[in-house]
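A quick write-up on the structure given underneath.
Derivation of every value follows stated rules applied to the coordinates shown; laboratory data play no part. Everything numeric in this text was worked out from a predicted model, so none of it was measured. Glycine also receives a Cβ, built like all others from the backbone with ideal geometry; neighbour counts cover every protein chain displayed.
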């Protein structure tokens, strides 16, 4: 009984994170008019489906969806980590000039010297990944 509640809450929180990340990316591009770079688009490709699949999983209370969402969130986290590295590691910044119309090392926001859009995406993907592992473990118990 207790594990069912943990699974349900885990799915809901993961969906909420994915929804906030999706709406946040749309806010930055559609309202603030920040043009996404190539790596931002790739991160969106991995985040947007999570908002949909986790919403369905939450409504249906289907812990098996974690099997499908976990690879998306892990790959998205790795891409976000690479993107953040391009922004913060000088040796990688030189390669980002060829990223597209907007260089991938460009920082639209930089709060406290380290919080950038790829950092926020990395945190969201990582939290979703951890929650999906918890959901998988608790649903098997």
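Cut-off is 10 Å between beta-carbons; in what order do 68, 84, 27 appear when sorted fewest neighbours first?
Exposure proxy ranking, most exposed first: 27, 68, 84.
Rounded to the nearest 0.05, what FRET efficiency do residue 33 and residue 67 give with R0 = 35 Å and r taken as the Cβ-Cβ distance? Could you check?
Efficiency, from the Cβ-Cβ distance: 0.40.
What is the P(r) of segment 37-106, as percent of Cα-Cα pairs per 5 Å bin from 0?
Taking every Cα pair in segment 37-106, the percentages come to 3, 17, 22, 18, 13, 10, 8, 6, 3, 0.
Of 41, 15, how do they rank once you tally other Cβ atoms within 10 Å and put the fewest first?
41, 15
Treat each spin label as a single point 7 Å out from the Cα along the C-beta direction, and report the residue 85 to residue 101 distance in nm.
So the label points at residue 85 and residue 101 sit 2.8 nm apart.
Obtain the nm distance between the two label points defined at residue 112 and residue 75 by a simple spin-label model: each point lies 7 Å from its Cα along the Cα-to-C-beta direction.
In this crude label model, residue 112 to residue 75 measures out at 3.1 nm.
Given R₀ = 30 Å, FRET efficiency for residue 93-residue 130 by Cβ-Cβ distance, to 0.05?
According to the calculation, E is roughly 0.55.
Calculate I(q)/I(0) for segment 66-137 by the Debye formula, one identical point scatterer on each C-alpha and no solvent, and give its log10 at q = 0.20, 0.22, 0.25 Å⁻¹ to two decimals.
-0.81, -0.90, -1.03
Please arrange 12, 112 by how many other C-beta atoms lie within 10 Å of their C-beta, fewest to most.
112, 12
Would you calculate the separation in nanometres between label points at residue 20 and residue 140, each defined as 7 Å from the Cα along the Cα-to-beta-carbon direction?
Label-label distance for residue 20 and residue 140, simple model: 2.9 nm.
So how many Å³ per residue does the convex hull of the Cα atoms of segment 2-140 work out to?
With only Cα atoms used, segment 2-140 gives 100 Å³ per residue.
As a check on your grasp of the helix formula, calculate [θ] at 222 nm for the chain: sum -39500 (n - 2.57) over DSSP H runs of n ≥ 4, divide by the residue count, round to the nearest 500.
-24500 deg cm²/dmol
Rounded to whole Å, give me the distance from the Cα center of segment 80-124 to that of segment 1-43.
Each part reduced to its Cα centre gives a spacing of 18 Å.
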